Amino acid sequence: MPKFIVGLDLGQANDYTALSVVERLKTESENTYQVRHLERVRGVAYPDIVAKVTKMMLSEGLKGNTSLVIDQTGCGRPVFDMFKQAKLKPIGISIHGGDSVTHELRNWRVPKRDLVGVMQVLLQSGRLKIASKLALKPVLLQEMQNFKVKIDPATAHDSYSAWREGDHDDLVLAVALACWYGQEVPEPRNMIPNRAFTARRGYDPFGRDLGF
């Protein structure tokens, strides 16, 4: 699996679109993750977002060494296909309120509780670190505190309509997408990792000091 994972939560209409760049550090026993870049925008057209993400994915620090994981729940398949047409080889995640993970090729259906659970385990075990100098770190931490799964007692399923009401959760979802993919999707066999670029400790893929 590539060293970096870009998590992209696409917003609708006036919602924020959020992006995270997470570095996956693999050891013999477990993986750890470092959030090295965060940003979010609002009121930007989807073609412009595709162009921005394409430029980022082709940058020196990320080119050929990054997986792009996109929440396609709200934006739908047509927007996801724009990233495919840009030859970014995206992985699509459709978030649902059930309790099972399914997939077909590069498209996954994942319960929100699974995304939450993976991120909580990584945080509580000290295996998810957030760079201290990221401007949006306080916003992300606040979102993490507000991020809750609401279960419908009648169905035992998560209520999707309640997920995104009130508090923003775009940044935390962008990070959760990257962490879930890094933890739960098996590394392809016989894959030769690209070690052409390794971010320096405490720096993001673009060479900026993050204060880890």
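General observations
- Scanning the stretch 94-151 for residues that are in contact with a Pro (Cβ under 8 Å, 6 or more places away or on another chain) and open to solvent by less than 80 Å² (accessible area, probe 1.4 Å) yields a total of 6.
- Residue in the stretch 97-104 that is among the β-branched types (Val, Ile, Thr) and in a strand (DSSP E or B) present: yes
- Count - residues of the stretch 6-18 that are touching a His at 6+ places or on another chain (Cβ under 9 Å) and open to solvent by 10 Å² or more (accessible area, probe 1.4 Å): 2
- Residue among Val21, Val79 that alone is surrounded by 16 or more Cβ atoms within 10 Å (Cβ to Cβ) and either at pLDDT 95 or above or touching a His at 6+ places or on another chain (Cβ under 7 Å) (or both): Val21
- Sole exception among (1) at pLDDT below 60; (2) more than 17 Å from Asp9 (Cα to Cα) for Leu128, by number: (1)
- Ser67, sole failed condition from (1) within 17 Å of Cys179 (Cα to Cα); (2) among the hydroxyl-bearing types (Ser, Thr, Tyr); (3) in contact with a Cys (Cβ under 9 Å, 6 or more places away or on another chain): (3)
- Residue satisfying condition, being more than 18 Å from the chain's Cα centre (by Cα) and either under 18 Å from Val50 (Cα atoms) or not acidic (Asp, Glu) (or both), within set Ser94, Ser100: Ser100
- Looking only at residues in the stretch 38-56 that are part of a strand (DSSP E or B), surrounded by 15 or more Cβ atoms within 10 Å (Cβ to Cβ) and over 11 Å from the mean Cα position of the chain (by Cα), the one that is modelled with the lowest pLDDT is Arg40.
- For Glu187, the conditions (1) at pLDDT 85 or above; (2) assigned to a loop (DSSP other than H, G, I, E, B); (3) open to solvent by less than 70 Å² (accessible area, probe 1.4 Å) all hold with the exception of (1).
- Filter result for Gly43 (farther than 22 Å from Gln120 by Cα and in contact (Cβ under 8 Å) with a residue 60 or more places away in the chain): no
The values are calculated or read from the model by the stated rules, or taken from the named source; none is laboratory data. These numbers were taken from a predicted model, which means no experiment stands behind them. Backbone-built Cβ (ideal geometry, glycine too); neighbour counts: all protein chains shown. SASA here: full protein model, heavy atoms, side chains in, ligands and nucleic acids out. Shrake-Rupley method; radii C 1.70, N 1.55, O 1.52, S 1.80 Å.
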